[in-house]
Each structure stands twice: as structure tokens, then as C-alpha cells.
Amino acid sequence: MYEKERSVLIKQYFLCFQAGLLKRKVKHKKEQVVGYDKTKLTTVNLSDAIRLVLIEKLGGWYSDLDMLFLKPIDEFKNALGGDNFDEKNKDPNYLGEKLSNAIFHFEKGHPFIQKSLKYFPKIFTGEWGSGGPSVFQKSLENVCNYQEIPKMMKNEINAENCQGVTVLPPK
């Protein structure tokens with residue numbers, strides 16, 4: 001492994017430990033990562049954890065690099081994107097079936113991100129989406145006081161009902 005890549009991984013692990021996303025076990029003065037299979041801690045999965053930690057600590061926007069902005073986004077605060085959008089659903093209130101963690105904005109210390117950090121170690125399995133969309137879905141259910149959200153509708157899932165969180169349609 002190249003020195004620069006190794007340095008980045010060490011910093012990522014440090015941020016995850018700091019956020020409590022990985023468990024530590026001290027045995028014979030050697031610290032070990034326990035609780036997750038090493039093969040599950042890929043760069044993609046660490047990225048899900050790192051973006052949560054950074055936004056919780058600093059606030060601001062996170063966006064995957066494959067996003068294309070056609071309009072200014074600075075008007076949105078404490079917002080995230082809907083996903084799994086059914087093109088046949090013509091209801092103007094429809095926001096999609098699930099959430100995406102590919103783009104979002106939250107103020108520093110927002111309850112949604114704090115809940116996401118709390119749920120991450122409980123939900124993360126190493127499978128794609130378990131540290132991102134699944135965590136966000138559980139956090140949204142919590143801040144909106146729902147047991148489960150089958151379809152996200154603007155008249156139910158909105159800033160007024162969900163501790164200031166806005167879900168934006170994928171289009």
C-alpha cells in the first residue's frame with residue numbers, strides 16, 4: 001500500500017473511532033478493531049461513515065461527484081434527496097420510496113445527523129447501502145415519528161413534521 005493511501009486510511013479509522021462507529025478492544029496493550037469483519041470496511045463503506053462525521057462536526061453539504069446541478073442549491077438547508085422514484089406516480093407530493101445519501105445538507109450538530117451516527121453501528125453490515133441509505137431511512141423515521149415510511153409524501157414528510165428535515169424529490 002502506498003504511504004499516502006495508508007495515511008488516508010489511518011485518518012478515516014481515527015474519525016470513525018472518534019464518532020464511535022467502530023468499537024475498540026484493548027488486549028495485552030494492543031488495540032484491535034472488533035465488531036466488524038475487516039473485509040466490510042472498504043473505502044466505500046468508510047466514506048459513508050466519514051461524510052456523517054464531517055457534516056455532524058462542521059455542517060454543510062455533501063455530494064457525490066456524479067451529481068449535476070442545474071439550479072443553485074444554496075436555498076436548501078437540512079435537506080436530503082429522495083430515491084427509488086416511481087416514474088408512474090404522478091402525485092405532486094410524491095418524494096420517492098427511499099432516501100439517498102449521495103447528496104445532503106445539514107447544519108452542524110443537527111439531530112438527524114446525530115441520529116444517523118447513532119444508528120450507523122447498529123445498521124451497518126458491510127453490504128452496499130447499509131451504512132448510507134438504510135441509516136438515513138431509519139433516522140428519518142425517527143425524526144418524523146414513524147415506525148416505517150412506505151412512501152415519502154411531501155404533505156407528511158416535511159420540515160414542519162420532521163425536526164426541520166426536508167426531503168427533495170430526485171428530479
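Structural remarks
- Which numbered condition Leu52 fails, given (1) part of a loop (DSSP other than H, G, I, E, B); (2) aliphatic (A, V, I, L, M); (3) crowded, with 19+ Cβ neighbours inside 10 Å: (1)
- Only one of Leu80, Leu140, Leu95, Leu168 that is under 19 Å from Ser47 (Cβ atoms) and aliphatic (A, V, I, L, M): Leu80
- Filter result for Leu65 (of a type outside the set (Gly, Ala, Ser) and touching a residue at least 40 places away in the same chain (Cβ under 8 Å)): no
- For Lys154, the stated conditions hold: it is out of contact with any helix residue (DSSP H, G or I) (no Cβ under 9 Å at 6 or more places or on another chain) and open to solvent by 10 Å² or more (accessible area, probe 1.4 Å).
- Qualifying residue in segment 133-146 (condition: among the acidic types (Asp, Glu), more than 23 Å from Ser63 (Cβ to Cβ) and surrounded by fewer than 16 Cβ atoms within 10 Å (Cβ to Cβ)): no
- The set of residues in segment 50-80 that are of a type in the set (Asp, Glu) and under 16 Å from Gly164 (Cβ atoms) comprises Glu56, Glu75.
- Matching residues in segment 101-116 - criterion: being at positive phi and in contact with a Ser or Thr (Cβ under 6 Å, 6 or more places away or on another chain): none
- Selected residue (criterion: nearest to Tyr94 (Cα to Cα)) from residues of segment 145-157 that are part of a loop (DSSP other than H, G, I, E, B) and under 18 Å from the mean Cα position of the chain (by Cα): Ile157
The values are calculated or read from the model by the stated rules, or taken from the named source; none is laboratory data. Since this is a predicted model, take the numbers as computed values, not measurements. Backbone-built Cβ (ideal geometry, glycine too); neighbour counts: all protein chains shown. Protein only, heavy atoms only, side chains kept; ligands, DNA and RNA dropped before computing areas. Shrake-Rupley method; radii C 1.70, N 1.55, O 1.52, S 1.80 Å.
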